[in-house]
């Protein structure tokens, strides 16, 4: 890991070599647990988990990863309110840095994580924000590499809202010469400037994206914090469901979903439970990718 990567705020500024180093270590640790159990690099260290949003996989995978590396995780949940409301982020970051060896944040605003990293003296990891989800994408890239044997020069079709997961895919895939085609309804696309700068392709019809794809990816139509838009979004996204008819146009593709899934909305049971689905591999690899990330950032 280069000296430059002290935190993981976004994959935008992380090089292909740095991503590969994380994935290589994740693969080694997954294959050979003794490689980290015999050398618990977080022994005597503590990692703070500051979560403004509900969580299952992110919380469990980080807590297990820290424990497996010999450390202690401390959860500060939604009951504490949003970060920066009770006291200034600068005070929180500088104080908690005296106790903790790393921060994991799951927040609404990207700016909260950026501000924490600016003032904390210990590594800060973006566990999710409204704009980005880099840890999820590390696990996804690990899963793709396991299933396809590579992450370079592949075609990924993302169907649905141009959300935080999709944005982090757009940050990562072009670094490996891979294509990302995003099919979203009008009003739920990326801004033209982001599309141009990231090198991805935005299309209107799901079929235009999935044809000959190596990966077909979707996510919930309504993310946390958007619940008041759920009815409107369900109507707008009806033609963006991943079902057997759509997957028939990508017969060799793997199907991905970061979970939680709303079965019958963005995907059908037939797809998520079908032979092309790798959603539980993705979920498992959250643990392996994040354990490797902690090893490299904190040890």
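The values are calculated or read from the model by the stated rules, or taken from the named source; none is laboratory data. Fair warning: this is a prediction, and the values are worked out from it, not measured in the lab. Virtual Cβ from ideal backbone geometry, glycine too; neighbours counted across all protein chains shown.
With respect to residue 131, is the statement that it is in a loop (DSSP other than H, G, I, E, B) and touching a strand residue (DSSP E or B) at 6+ places or on another chain (Cβ under 6 Å) true? For residue 131, the condition - in a loop (DSSP other than H, G, I, E, B) and touching a strand residue (DSSP E or B) at 6+ places or on another chain (Cβ under 6 Å) - is not met. Checking each residue in segment 219-251 for being under 22 Å from residue 173 (Cβ atoms), in contact (Cβ under 8 Å) with a residue 40 or more places away in the chain and out of contact with any helix residue (DSSP H, G or I) (no Cβ under 8 Å at 6 or more places or on another chain) picks out only 220. With respect to (1) over 21 Å from residue 144 (Cα atoms); (2) outside any helix (DSSP H, G or I); (3) in contact with a helix residue (DSSP H, G or I) (Cβ under 6 Å, 6 or more places away or on another chain), the lone exception for residue 55 is condition (3). With a requirement of 3 or more residues that are outside the structural domain of residue 58 (by TED's automatic domain parsing) and surrounded by 16 or more Cβ atoms within 10 Å (Cβ to Cβ), the strands (runs of 3 or more DSSP E) lying completely within segment 138-205 that satisfy it span 155-159, 179-183. Which one is nearest to residue 122 (Cα to Cα) among residues in segment 77-98 that are surrounded by fewer than 17 Cβ atoms within 10 Å (Cβ to Cβ) and touching a strand residue (DSSP E or B) at 6+ places or on another chain (Cβ under 7 Å)? Applying the filter and picking the extreme gives 77.
Anything in segment 22-52 that is buried (at least 17 other Cβ atoms within 10 Å of the Cβ) and in a helix (DSSP H, G or I)? List them, or say none. Passing the criteria: 22, 23, 25, 26, 27, 29, 30, 36.
Does residue 288 satisfy being part of a loop (DSSP other than H, G, I, E, B), in contact with a helix residue (DSSP H, G or I) (Cβ under 6 Å, 6 or more places away or on another chain) and on the phi < 0 side of the Ramachandran plot? Answer is no for this residue.
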